[in-house]
Amino acid sequence: MLQDPKGELKPAARKVPSGDEEFALSNILQAPLTRQRRALLGTDVRRTAPHEGQRVGILAAPLATKAGVFGLVYLDIALTDGQARSAFRTSDLRFASALAIFAATRIAQLRRIAPIGLVGERPLPDLRAAFEKECIIEALRQKKGDIEAASKLLGLTRPTLDEKLKILGLVATVPTTPAVPPPAAEWKSVQT
């Protein structure tokens, strides 16, 4: 789920059995996800038909960056009668948390390149160029403007990075003036 421009969580991608399109996320579960920025394992009860009252195991992780939480990853699985614990394990939680961090970083980068809702409206080459520009800017920021160090961080040769900087408009080109040959030297005497 991702926040829309109004800040409301909306499903962005989902895979559900037919008839399970809606779900209600408990406020008790939402607090650790959004305020504490913690992934969680838990159990809950479905509140909507056709499976109202059925217990489910839940795994949820926040989509968060330094700027804040802007969504969440939510998985649930029906618990059988008598099953006290979720089928999700701590290793599943760690894996989901790592994926959520990676996804949040990439989604945040895409949102900087194209505002919410416009990603699909820009041609893929434009998005790729914008993403490449973001990566180069970040490498230069991390290396405090040292182009040689940034090229190593990006895995590029210095000439390749120089060319990309020109193509992406990240360096100002200095207009060249035709070279004026120096005046001919007049030798009046030579000592050997």
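Quick check on region 108-125: of everything there that is assigned to a helix (DSSP H, G or I) and more than 17 Å from the chain's Cα centre (by Cα), which residue is modelled with the lowest pLDDT? Before the answer, list the steps.
Let us first name the residues in region 108-125 that are assigned to a helix (DSSP H, G or I), namely 108-113, 119-121, 124-125.
Narrowing further to those that are more than 17 Å from the chain's Cα centre (by Cα): 121, 125.
Details: GLU121: 59, PRO125: 69.
Top of the filtered list is GLU121.
So which of ALA24, ALA31 ends up being modelled with pLDDT under 80 and assigned to a loop (DSSP other than H, G, I, E, B)?
Values: ALA31 fails: assigned to a loop (DSSP other than H, G, I, E, B).
Matching residue, one of ALA24, ALA31: ALA24.
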Checklist entry - Scanning region 126-160 for residues that are at pLDDT below 75 and surrounded by fewer than 14 Cβ atoms within 10 Å (Cβ to Cβ), which turns out nearest to LEU63 (Cα to Cα)? => result ARG128
Item to check | In region 69-86, the residues that are part of a loop (DSSP other than H, G, I, E, B) and either surrounded by fewer than 19 Cβ atoms within 10 Å (Cβ to Cβ) or of a type in the set (A, V, I, L, M) (or both) | outcome: LEU79, THR80, ASP81, GLY82, GLN83, ALA84, ARG85
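Does ASP44 meet the test of being of a type in the set (D, E, K, R), assigned to a loop (DSSP other than H, G, I, E, B), in the same structural domain as ALA108 (by TED's automatic domain parsing) and modelled with pLDDT under 85? Walk me through how you get there before you give the answer.
Values: of a type in the set (D, E, K, R): yes; assigned to a loop (DSSP other than H, G, I, E, B): no; in the same structural domain as ALA108 (by TED's automatic domain parsing): yes; modelled with pLDDT under 85: yes.
Against the criterion (of a type in the set (D, E, K, R), assigned to a loop (DSSP other than H, G, I, E, B), in the same structural domain as ALA108 (by TED's automatic domain parsing) and modelled with pLDDT under 85), ASP44 does not qualify.
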Item to check | Test result for THR65, within 14 Å of ARG37 (Cα to Cα) and either modelled with pLDDT of 85 or more or among the basic types (Lys, Arg) (or both) | outcome: yes
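The values are calculated or read from the model by the stated rules, or taken from the named source; none is laboratory data. All values derive from a computational prediction rather than experimental measurement. All Cβ positions, even for glycine, are placed from backbone atoms using ideal geometry, and neighbour counts span all protein chains on display.
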